[in-house]
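The values are calculated or read from the model by the stated rules, or taken from the named source; none is laboratory data. Quantities reported herein were computed from a predicted structural model and do not represent experimental measurements. Reconstructed Cβ throughout: ideal geometry from the backbone, glycine too, with neighbour counts over all protein chains shown. Ligands, DNA and RNA are excluded from the accessible area calculation, which covers all protein heavy atoms including side chains. Shrake-Rupley method; radii C 1.70, N 1.55, O 1.52, S 1.80 Å.
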Amino acid sequence: MKEKLEQIKQRAMEEIQAVDGMDKLNEIRVAFLGKKGELTKVLKSMKDVPPEERPKVGQFVNETRTIIEEALEKEKKLLAAKIREEKMKREVIDVTLPATRKMMGHRHPNQIALEDLERVFVGMGYEVVEGPEVEYDKYNFELLNIPANHPAKDEQDTFYITKDILLRTQTSPVQARIMETGRMPIRVIAPGRVFRSDEVDATHSPSFHQVEGLVVDKGITFADLKGTLQQFATEFFGPETKVKFRPHHFPFTEPSAEVDITCFKCGGKGCRMCKGSGWIEILGCGMVHPKVLRDCGIDPEVYSGFAFGIGLERVALLKYEIDDMRLLYENDVRFLNQF
Ligand code: DAH
């Protein structure tokens, strides 16, 4: 028995010496000291030992166990120290290396353009308001004098949620919402996201932004509209900028116009930017249609107003001379960092 225990001890020591990792060390612990381990086996065979010798053998088993345990513990500490040392070696920090730079975000060109634009209109006493992106057909079309079968509805093909609820195709529904409240006078701009089922290309996106403008009061005339938009163009695009009103048609304004500004790149001489014409179209506008006023609860005999709709991406692209709208949505930092 004693010999057997001596052998076990010997083997355990050899194996512990040869150990190369914590896992292996655990395996050895289980193999020798575990419930089904070598020492337990010896204890189980105690019944074959003559009773008078049992205390001695028992003592010897315990001594062997202690020796193996101590050896395991010692090896464990050695291993841990070795692992730690290797880790320290691997994690050496070279304080002379350049630091990794933190990337700082900043405002998107769309947002910069919007804030510039808002500053101009707030400076003229306008309030900035918002309307819902998911809108009723009633506000997006009906109250804006675009009835069920109007061709303008096709032009603004959009995403329907139900027959009566849709993603707004324009910010103009905010006009109707503001007029409906009955608070006079009205002097607001309403920026926001709009949606149309357009294919993506350099000048189209299924989701873009507009800034709506609306003024309603007693005695508002087309002259006020012209003066306002001239002021906007001057402040936003530069002091030399001239505006030109071209007759146009929108269902919710009468008369209606599209507004061009002199090309700020060439000053009107004609260049690549303005495709040689010297003029660049920037927005649609007009005097609020009497029917629209009436349908929204305002007496057109007492009040009159003007409205305009600016494509935010359009002015941002122009202002920063970006030639592809898609760049605004790709969120490539190499592009965005330039503004
Ligand atoms: N909502 C028009 C569009 O999306 C733009 C517009 C034109 C708005 C004339 C207006 C306006 O307020 O008076 O094409």
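Quick one: PRO191 ticks every box in (1) within 12 Å of the ligand (Cβ to nearest atom); (2) within 32 Å of the chain's Cα centre (by Cα) bar one, so which box is it?
Every condition holds for PRO191 apart from (1).
Which residue is least open to solvent (accessible area, probe 1.4 Å), if the candidates are limited to the stretch 144-159 and must be outside any helix (DSSP H, G or I), within 12 Å of the ligand (Cβ to nearest atom) and in contact (Cβ under 8 Å) with a residue 40 or more places away in the chain?
ILE146
Please name all residue pairs, on different chains or six or more residues apart, with Cβ atoms under 6 Å, provided the first residue is in the stretch 6-29 and is without any contact (Cβ under 8 Å) to a residue 24 or more places away in the chain and the second residue is surrounded by fewer than 17 Cβ atoms within 10 Å (Cβ to Cβ) and of a type in the set (A, V, I, L, M).
Note: no pairs meet the criteria.
Just wondering, is there one or more residues in the stretch 20-30 that are surrounded by 10 or more Cβ atoms within 10 Å (Cβ to Cβ) and among the small types (Gly, Ala, Ser)?
Looking through the stretch 20-30, at least one residue is surrounded by 10 or more Cβ atoms within 10 Å (Cβ to Cβ) and among the small types (Gly, Ala, Ser).
One residue is enough: does the stretch 303-321 have a residue meeting the conditions within 16 Å of the ligand (Cβ to nearest atom) and open to solvent by 60 Å² or more (accessible area, probe 1.4 Å)?
Checked against the condition, which is being within 16 Å of the ligand (Cβ to nearest atom) and open to solvent by 60 Å² or more (accessible area, probe 1.4 Å), the stretch 303-321 yields at least one hit.
Check GLY219, GLY238 and return the single one that is surrounded by fewer than 20 Cβ atoms within 10 Å (Cβ to Cβ) and within 22 Å of PRO300 (Cα to Cα).
Answer to the selection: GLY219.
Any residue that is open to solvent by less than 20 Å² (accessible area, probe 1.4 Å) and within 16 Å of the ligand (Cβ to nearest atom) - is there at least one of those in the stretch 104-116?
For the stretch 104-116, residues open to solvent by less than 20 Å² (accessible area, probe 1.4 Å) and within 16 Å of the ligand (Cβ to nearest atom): absent.
Just give me the residues in the stretch 263-292 being among the hydrophobic types (A, V, I, L, M, F, W, C), within 16 Å of the ligand (Cβ to nearest atom) and touching a strand residue (DSSP E or B) at 6+ places or on another chain (Cβ under 6 Å), in sequence order.
Listed by number, the residues that qualify are ILE282, LEU283, CYS285, MET287, VAL288.
Could you tell me which numbered condition LYS244 fails, if it satisfies all but one of (1) open to solvent by 60 Å² or more (accessible area, probe 1.4 Å); (2) assigned to a loop (DSSP other than H, G, I, E, B)?
Condition (2) is where LYS244 drops out.
Do you know which of the residues in the stretch 160-187 that are open to solvent by less than 10 Å² (accessible area, probe 1.4 Å) and β-branched (Val, Ile, Thr) is nearest to VAL216 (Cα to Cα)?
Among those that are open to solvent by less than 10 Å² (accessible area, probe 1.4 Å) and β-branched (Val, Ile, Thr), it is ILE186.
Any chance the stretch 160-183 includes a residue that's within 16 Å of the ligand (Cβ to nearest atom), in contact (Cβ under 8 Å) with a residue 60 or more places away in the chain and under 23 Å from the mean Cα position of the chain (by Cα)?
Taking every residue of the stretch 160-183 in turn, at least one turns out to be within 16 Å of the ligand (Cβ to nearest atom), in contact (Cβ under 8 Å) with a residue 60 or more places away in the chain and under 23 Å from the mean Cα position of the chain (by Cα).
Name every residue in the stretch 253-277 that is open to solvent by 20 Å² or more (accessible area, probe 1.4 Å) and either touching a residue at least 60 places away in the same chain (Cβ under 8 Å) or within 34 Å of the chain's Cα centre (by Cα) (or both), in order of residue number.
Matches in the stretch 253-277: GLU258, PHE264, LYS265, ARG272, MET273.
Would you please name the residue that is surrounded by the most Cβ atoms within 10 Å (Cβ to Cβ), looking only at residues in the stretch 194-208 that are in contact with a Ser or Thr (Cβ under 8 Å, 6 or more places away or on another chain) and of a type outside the set (Asp, Glu)?
Among residues in the stretch 194-208 that are in contact with a Ser or Thr (Cβ under 8 Å, 6 or more places away or on another chain) and of a type outside the set (Asp, Glu), the one surrounded by the most Cβ atoms within 10 Å (Cβ to Cβ) is VAL194.
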